[in-house]
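Notes follow the structure.
The values are calculated or read from the model by the stated rules, or taken from the named source; none is laboratory data. Worth saying up front: this structure is predicted, and the values here are computed from it rather than measured. FYI the Cβ positions are ideal-geometry reconstructions off the backbone, even for glycines, and counts take in every protein chain you see.
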Amino acid sequence: MVELVPTLLRQELARLAEDDLRLDGRKQWEGREVTLETDCLYNAEGSAKVVLGDTIVYAGVKFELRTPWPDRPAQGSLMCGAELRPVAHRKYEPGPPSPQSIELGRVVDRGIRESGCIDMESLCIVPGEKVWGVMIDIHVLSDGGNIFDACGLAAIAALRTAIVPAERFDVGEDYTLKVKGTPIMASFTRVGGRYIYDPSEEEELGGDERIHITLGDEGHLHSLQKGLRGVFTPAEFAEIFEVAHHRCTELRTLVANQEGN
Amino acid sequence: MGGYGDVQLLRDDGLRLDGRKIDEMRPVEIEAGVLPAADGSAMVTHGLNVAVAAVYGPMEAHPRKIQRQDRAVIDVRYNMAPFSTSDRIRPGFNRRSREISKVTAEALESVVLVERYPRSKIRVEIEILAAEAGTRCVGLTAAAVALADAGIPMRDLIVGVASGKVEGTVVLDLDKAEDNYGQADLPVGILPNTGEIAFLQMDGDLSPDEFNLAMEYNFKAAAEIHEIMVDALKRRYEGGEN
Amino acid sequence: MSNGQNGAELRLVTPGMAIGPVAGKRVGSGAIAQNDTIIATRLGWTKEFNNTVSVDPINSAYMPRSGDLIVAVVAEVRNNLWFMNVNGPFQGLLPMSLAPWKVEFGAARQHMGIGDVVLARVQEVDECHNVVLTMKGVGLRRLNQGTIVSVPINHIDRLRGEGNATVQRLRDAADSRIIIGENGRVWIDGNAEGTAWARQAIALTQAVGHKTTFEAELSALEQNAPKKGDA
């Protein structure tokens, strides 16, 4: 469903941008409060719930035994998928996965995969015969804006708490999945002509293009995505990249603190 | 329903594997209004089951062919999250979820005053986040609370409950092992105030006497769950008159 | 908001709950009669007024009624009419003949395009929920500036306050024009500071408008208003 964008909303957002203000009183680079809960889903081998403003997202990790790809006989696999089901918002319709769902899942997938936080060879049980397939499923329950960051955070937090269910599959004892890093996503949307961090639902409705940046522990880029209609300048990117760096470090601490509990 | 297998479901002291009595249900917790984006919502935890329901509407029924000139249609989607079961479920509709969605919609249409909203639809989305036997009942309970939370007029709520039979004994509210190895399962949707039944399924083997006993247990549990539903709805708005 | 309440205690009820015997009483909205008993059909507060028992719902969708003043958004434009989003289940229809301008056939788009916001009145609603809007009338117009804030339908009364007292206080303190649409859309037109304050005040009304602490909290907020009260 294409959402109706009232002209007054775009006008208001443009006016606020001039005064360096936002609808909900936040500063340009200020995020909403984030709460993270892990180990919250019975039956998932790793799980997390993220609440970011009015956005609520769950992620669950499952394992399966499979035969490795012929060209990588000693490597397991990782797959991350997202579902934007109609539960999450009036605007989502039932049916096969939408391009939006697929984009969301793939952007999160790339950030985790390319950070190298999972050693694919550690997922091998018998080379050429038996490896672990790790699947992260992300479920958006309420879209209150910026589901990308919420999904990215839920996915990595769930992965970092996952227990490999070896006993259930008769291949040894259960053990904690080894995850070497904490890739974190930071998302920006152009609202009223300038970029802001962590857009709310209304800011997304009345905004333009968005940029998603996933950074690893060392501050390296692991995934970038520009979505929706619009263009940006290198100078604009340099500015949000700087902000992303700070925000990702803060959120990485949040994940670490949650694990410490 | 499989056979007994090697599993002993009733202990020598007459209690069940998880320590419950024959006619004791698993603990139930309900919270209304959990999803900010929805018009109404609820989360129900029943044993280890977790179901979330969201309601959107009434809105114009699309596509046109599903429109009814004299009433609203209730469009239910029951879905199990991929991580909700011990073996991952591939995303997407399957025959089981389609059937459950259909009978759940029909049950809800029996209590919602659908004639108030001609040509419209009310979307009910039921998501099972964790499954431990009895998810259709938990989903139905969640849907009823979410509809009430959305302010949709209904002549009663519906409570989803199930009884069944294990090792020749009728028991209330089957857990996972009992569901897998038991002999019968009787999930129903009960209107708590009128005592009518809007949802009924059964599989397995029950004698008429066993059926009556199972229904007796179901009504007892429905009364208990109804109190929890009412409490959840009231809790959301405590703090004074509107 | 319990004027006319004759003795009956105010109760929070859930669908299906018995409110009491019919006993000659009329059954109002949010309730039905079943076997001589009045049953609640909505989650809400029971009310008895003029021998009629009803339930004031705590949450409800907007259902247009003729005469409602609403804030609508253009959703579709045809040659001779506009389809308007009215925040209800169905779109409203604004025919060229009920627009405030003299519109030539085919020129509808020149007057209003998709996304434009208007102040309109519901002219007519038929049994099938077809809604016809009009923009002929005093003050009905396209809203070219300002902002829209959404509020739940059941919060509209408390936002207005007794005899519009609350909304008038908001207007004064925010030094802004504020119009409350029956469809849960509030139009605010003021400077940036005033608009931001009005948003805060509306949020406060929603959060604690039903509580005894509301008056004190609103007064406190007024102290920070762009244009302070007369005090």
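Scanning segment C:148-157 finds no residues that are closer than 30 Å to residue C:44 by Cα, free of Cβ contacts under 8 Å to residues at least 24 places away in the same chain and not assigned by TED's automatic domain parsing to the domain that holds residue C:79. Looking across segment B:212-229, the residues that are more than 14 Å from chain C (Cβ to nearest Cβ) and of a type in the set (Gly, Ala, Ser) come down to B:214, B:221.
When each of A:57, A:61 is tested for being surrounded by 15 or more Cβ atoms within 10 Å (Cβ to Cβ), over 19 Å from residue A:186 (Cα atoms), β-branched (Val, Ile, Thr) and in contact with a strand residue (DSSP E or B) (Cβ under 9 Å, 6 or more places away or on another chain), the lone residue that passes is A:61. Taking the conditions (1) more than 7 Å from chain B (Cβ to nearest Cβ); (2) in contact with a Phe, Trp or Tyr (Cβ under 8 Å, 6 or more places away or on another chain); (3) closer than 30 Å to residue A:10 by Cα in turn, residue C:11 satisfies each one other than (3). Exactly one residue out of A:86, A:68, A:73 is in a loop (DSSP other than H, G, I, E, B) and surrounded by fewer than 18 Cβ atoms within 10 Å (Cβ to Cβ), and it is A:73. Applying the set (1) within 14 Å of chain A (Cβ to nearest Cβ); (2) touching an Asp or Glu at 6+ places or on another chain (Cβ under 8 Å); (3) surrounded by 16 or more Cβ atoms within 10 Å (Cβ to Cβ) to residue C:118 leaves exactly one unmet item: (2).
Would you check if residue C:194 is buried (at least 21 other Cβ atoms within 10 Å of the Cβ), within 13 Å of chain A (Cβ to nearest Cβ), free of Cβ contacts under 8 Å to residues at least 40 places away in the same chain and not hydrophobic (A, V, I, L, M, F, W, C)?
Yes, satisfied.
Of all residues in segment C:131-142, those satisfying the criterion of being in contact with a strand residue (DSSP E or B) (Cβ under 7 Å, 6 or more places away or on another chain) and part of a loop (DSSP other than H, G, I, E, B) are C:135, C:137, C:139, C:140. Pairs are defined by a Cβ separation below 9 Å, a sequence spacing of at least 6 or placement on different chains, a first member in segment B:218-242 that is assigned to a loop (DSSP other than H, G, I, E, B), and a second member that is among the charged types (D, E, K, R) and modelled with pLDDT under 95; the pairs so defined are B:239/C:211; B:240/C:211; B:241/C:56; B:242/C:56; B:242/C:157; B:242/C:158. Of the set (1) part of a loop (DSSP other than H, G, I, E, B); (2) surrounded by 15 or more Cβ atoms within 10 Å (Cβ to Cβ), all apply to residue A:218 but (2).
Could you please let me know if residue C:79 is touching a residue at least 24 places away in the same chain (Cβ under 8 Å) and either surrounded by fewer than 16 Cβ atoms within 10 Å (Cβ to Cβ) or within 14 Å of chain B (Cβ to nearest Cβ) (or both)? Spelling it out, residue C:79 is indeed touching a residue at least 24 places away in the same chain (Cβ under 8 Å) and either surrounded by fewer than 16 Cβ atoms within 10 Å (Cβ to Cβ) or within 14 Å of chain B (Cβ to nearest Cβ) (or both). For segment C:35-53, filtered to residues that are aliphatic (A, V, I, L, M) and assigned to a strand (DSSP E or B), the residue that is nearest to the other protein chains (Cβ to nearest Cβ) is C:39.
The set of residues in segment A:126-137 being closer than 23 Å to residue B:83 by Cα and of a type outside the set (Asp, Glu) consists of A:130, A:131, A:132, A:133, A:134, A:135, A:136. Scanning segment A:114-158 for residues that are closer than 25 Å to residue A:92 by Cα and in a loop (DSSP other than H, G, I, E, B) yields A:143, A:144, A:145, A:146.
Just checking, which of A:182, A:189, A:249, A:253 is assigned to a strand (DSSP E or B) and of a type in the set (S, T, N, Q)?
Exactly one residue qualifies, and that residue is A:189.
Considering segment B:196-217, and only residues there that are among the aromatic types (Phe, Trp, Tyr) and part of a helix (DSSP H, G or I), the residue that is surrounded by the fewest Cβ atoms within 10 Å (Cβ to Cβ) turns out to be B:211.
Any residue in segment A:196-215 that is in contact with a strand residue (DSSP E or B) (Cβ under 8 Å, 6 or more places away or on another chain), part of a strand (DSSP E or B) and either small (Gly, Ala, Ser) or on the phi > 0 side of the Ramachandran plot (or both)? No: zero hits. Checking each residue in segment A:222-241 for being closer than 17 Å to residue A:28 by Cβ and among the hydrophobic types (A, V, I, L, M, F, W, C) picks out A:232, A:235, A:237, A:238, A:240, A:241. Of everything in segment A:12-39 that is surrounded by fewer than 17 Cβ atoms within 10 Å (Cβ to Cβ) and over 20 Å from residue A:191 (Cβ atoms), the residue that is modelled with the lowest pLDDT is A:39. When only residues in segment B:37-68 that are crowded, with 23+ Cβ neighbours inside 10 Å and polar (S, T, N, Q) count, which is farthest from residue B:150 (Cα to Cα)? Applying the filter and picking the extreme gives B:49. Of all the residues in segment C:54-64, those that are facing chain B (nearest Cβ under 7 Å), of a type outside the set (Gly, Ala, Ser) and assigned to a loop (DSSP other than H, G, I, E, B) number 2.
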